[in-house]
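In what follows, a single structure is set out as structure tokens and then discussed.
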Amino acid sequence: MSRFSIAEQQAEGTFRFMNSRLITHSEEIAFYNGNIREKSILDESFHRLIDRIRSGQQFRIAVSTVDTIVAKYLAIVVGYYVVSKPFMDLSNGRLAGLTYEERMEDYFRSGKMMINLAEATGRLVLCGRELTHLSGFTTRIIEMLDVLVDLDNGNFERHLLESNKVETSEESLKSQRGDLQYCDQVIEFENTADLHVAT
């Protein structure tokens with residue numbers, strides 16, 4: 001369950017980053033008519049976020065259903081079976097000298113303790129589910145603190161890509177209309193996988 005919390009938090013962070021990037025670069029996007037591309041990027045990020053939240057909720061509902069059945073019904077059935085087994089055995093030496101009233105009193109006392117034990121077990125199961133959900137959040141906080149410590153120490157090696165340089169020299173850069181933009185200039189592009197050249 002903590003993995004679902006981590007995935008949800010990452011998807012939410014990515015979606016927030018996409019929105020802030022859109023707000024920061026809105027003038028350039030409008031100038032280069034990049035609204036369709038940015039809309040598709042935002043839609044993809046939003047759908048990824050929705051899918052992660054939906055799958056996390058479906059998993060939580062399934063786990064909650066199983067936990068509820070185990071905590072409420074199965075534990076009580078097992079508890080009553082364990083409590084009633086000594087009382088159903090006629091050869092039990094502990095109950096041989098007791099009267100009917102004493103046997104019933106012992107049975108109800110044991111049953112009450114077993115019900116309290118079943119309720120406590122159910123609470124522990126539900127607390128365990130909440131703790132795994134909380135561990136997902138603490139994992140994300142620990143990752144953020146690690147990044148902040150690295151930044152404080154001057155280590156900026158989080159998402160660096162290998163250097164893929166594309167150099168063009170003595171070539172003309174022309175627009176689609178055929179107008180010459182640059183001639184005999186050295187243009188150097190780094191990390192070409194995410195590079196879009198607009199003319």
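Looking for something surrounded by 12 or more Cβ atoms within 10 Å (Cβ to Cβ), free of Cβ contacts under 8 Å to residues at least 40 places away in the same chain, part of a helix (DSSP H, G or I) and under 39 Å from the mean Cα position of the chain (by Cα) - is there at least one such residue anywhere in the range 84-93? The answer is no; no qualifying residue exists. Kindly establish whether Q9 is assigned by TED's automatic domain parsing to the domain that holds T138, in a helix (DSSP H, G or I) and touching a residue at least 60 places away in the same chain (Cβ under 8 Å). Taking the combined requirement at face value, the residue satisfies it.
Among the residues examined, T139 qualifies as among the polar types (S, T, N, Q) and within 30 Å of E8 (Cβ to Cβ). Does I36 satisfy the criteria of being assigned to a helix (DSSP H, G or I), of a type outside the set (F, W, Y) and within 25 Å of the chain's Cα centre (by Cα)? For I36, the condition - assigned to a helix (DSSP H, G or I), of a type outside the set (F, W, Y) and within 25 Å of the chain's Cα centre (by Cα) - is not met. Out of S20, S64, one residue alone is more than 23 Å from H133 (Cβ to Cβ) and either of a type in the set (S, T, Y) or modelled with pLDDT of 90 or more (or both). It is S20.
On the given criteria, is R109 modelled with pLDDT of 80 or more, part of a helix (DSSP H, G or I) and farther than 30 Å from L22 by Cα? Yes: the conditions hold for R109.
Within the option set I29, I36, being of a type in the set (A, V, I, L, M, F, W, C) and in contact with a helix residue (DSSP H, G or I) (Cβ under 7 Å, 6 or more places away or on another chain) holds for one residue only, I29. One residue alone among R48, R21 is surrounded by 12 or more Cβ atoms within 10 Å (Cβ to Cβ), part of a helix (DSSP H, G or I), in contact (Cβ under 8 Å) with a residue 24 or more places away in the chain and over 11 Å from the mean Cα position of the chain (by Cα), and that residue is R48. Residues that are touching a helix residue (DSSP H, G or I) at 6+ places or on another chain (Cβ under 7 Å) and either of a type in the set (S, T, Y) or not assigned by TED's automatic domain parsing to the domain that holds L124 (or both) occur at least once in the range 40-54.
The values are calculated or read from the model by the stated rules, or taken from the named source; none is laboratory data. Values in this document were obtained by computation on a predicted structure and should not be read as measured data. All Cβ positions, glycine included, derive from the backbone under ideal geometry; neighbour counts span all protein chains shown.
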